[in-house]
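Data first, discussion second: the structure below is written as structure tokens.
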Amino acid sequence: MYGNFKYQQLRNVGISQEKALQMAAFVKISSFEEGQVIWSKGSKIDAWRFIITGMVAASLESSRGLPMPISIYGEGSWFGEQSIINRKTSYADFVCLSSTEVMSVSSDIVLELMETQAPFALYLTRLMAWRVQKTSEMLMLMKFGNPCLRVVMGLSQFAEALFYHSDRPPTICFGQGVEIPVKQKLLADLCGVSRTIFSEYVQKLAAEGWLTISYGKLEILSLPNWNKFSNKQRERQFNDLNPSFEELLKELKGETV
């Protein structure tokens, strides 16, 4: 059932036809329940994993013993490459946010492919570079950005990650909408704001027609505008990290502030 699927996913990351055919028989499929931990912080990451269905969060424990999500991986995303390439243990807990099915390529094979498959090595390098950039952006927002910017920019980043399966920078045209099937409390944690503040700005964005809200999920609308907005925020100077909601709304509309 999964034979051709495995082969195609291996080809999609730059692995040669011959090697992908050889590897497909050794690639494993596993299932996890909602709330199940795939890797705990400090444990060895034994495989590079691809999400067939479901969603996974990388999170750390706060001083109060609560999980603090760092990033979300949706369907079509690979994860775990950072610790494999660095030969380090997991820097976070990887927890399933829903019932999840994954495809796994052992870490030893990944390291071998890095040395023998140049297109694969290039794919992995670009993937890691983009993810480092996005992590740096979120850290900067959480340290310097005001709550309004954290929420609006955070939503745009989640939309990018889910729309592009977290595997490449947004260099092609966005579609018209993308669903973020995650509860608002988790999204608020990812943005570094309280649930109340997050809800306040989400309600304002919904009233302006930029997203829709339903139980357990948000849908981001007019993705091309969000993409342009994200690019503009990345060009902001340090002293521009305290915009008002009205200013951000004008930028979403493409108006000059």
**Complete:** Within the range 147-182, restricting to residues that are among the hydroxyl-bearing types (Ser, Thr, Tyr) and modelled with pLDDT under 80, the one that is most open to solvent (accessible area, probe 1.4 Å) is THR171
**Request:** Could you please find all residues in the range 109-125 being under 24 Å from GLY54 (Cα atoms) and open to solvent by 70 Å² or more (accessible area, probe 1.4 Å)?
**Result:** none
**Request:** Report yes if some residue within the range 2-18 is under 30 Å from LYS185 (Cα atoms) and either at pLDDT below 95 or not aliphatic (A, V, I, L, M) (or both); otherwise report no.
**Result:** no
**Asked** Within the range 1-46, how many residues turn out to be under 21 Å from LEU122 (Cβ atoms) and of a type in the set (Gly, Ala, Ser)?
**Response** 3
**Asked** Restricting attention to the range 7-53, which residues are assigned to a helix (DSSP H, G or I) and within 12 Å of VAL102 (Cβ to Cβ)?
**Response** GLN9
**Message:** I need every pair where a residue in the range 15-31 that is free of Cβ contacts under 8 Å to residues at least 24 places away in the same chain has its Cβ under 8 Å from the Cβ of a residue that is crowded, with 17+ Cβ neighbours inside 10 Å and in a helix (DSSP H, G or I), sequence separation at least 6 or different chains.
**Reply:** ALA20/TYR7; ALA20/LEU10; LEU21/TYR7; ALA24/LYS6; ALA24/TYR7; ALA24/LEU10
**Prompt:** Just wondering, is there one or more residues in the range 132-142 that are open to solvent by 40 Å² or more (accessible area, probe 1.4 Å) and at pLDDT 90 or above?
**Reply:** no
**Checklist (1) farther than 19 Å from LEU187 by Cα; (2) of a type in the set (Phe, Trp, Tyr); (3) open to solvent by less than 40 Å² (accessible area, probe 1.4 Å) applied to TYR73, failing item** = (1)
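This table checks each residue for (1) touching a Gly at 6+ places or on another chain (Cβ under 9 Å); (2) of a type outside the set (A, V, I, L, M, F, W, C); (3) open to solvent by 40 Å² or more (accessible area, probe 1.4 Å).
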site: LEU10; (1), (2), (3): no, no, no
site: VAL13; (1), (2), (3): no, no, no
site: GLU18; (1), (2), (3): no, yes, yes
site: ALA25; (1), (2), (3): yes, no, yes
site: PHE50; (1), (2), (3): yes, no, no
site: SER59; (1), (2), (3): no, yes, no
**Message:** Step by step: first the residues of the range 79-108, then only those that are open to solvent by less than 10 Å² (accessible area, probe 1.4 Å) and of a type in the set (Phe, Trp, Tyr), then the one that is nearest to ILE38 (Cα to Cα). Which residue is that?
**Reply:** PHE94
**Message:** Just to be sure before I move on: is SER43 touching a residue at least 12 places away in the same chain (Cβ under 8 Å), over 15 Å from LEU186 (Cβ atoms) and surrounded by fewer than 20 Cβ atoms within 10 Å (Cβ to Cβ) in the structure I sent?
**Reply:** yes
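The values are calculated or read from the model by the stated rules, or taken from the named source; none is laboratory data. All of these numbers come straight from a predicted model, not from anything done at the bench. Every residue, glycine among them, receives a Cβ derived from its backbone with ideal geometry; neighbour counts consider all protein chains shown. We work out accessible area using only protein heavy atoms, side chains counted, and drop any ligands, DNA or RNA first. Shrake-Rupley method; radii C 1.70, N 1.55, O 1.52, S 1.80 Å.
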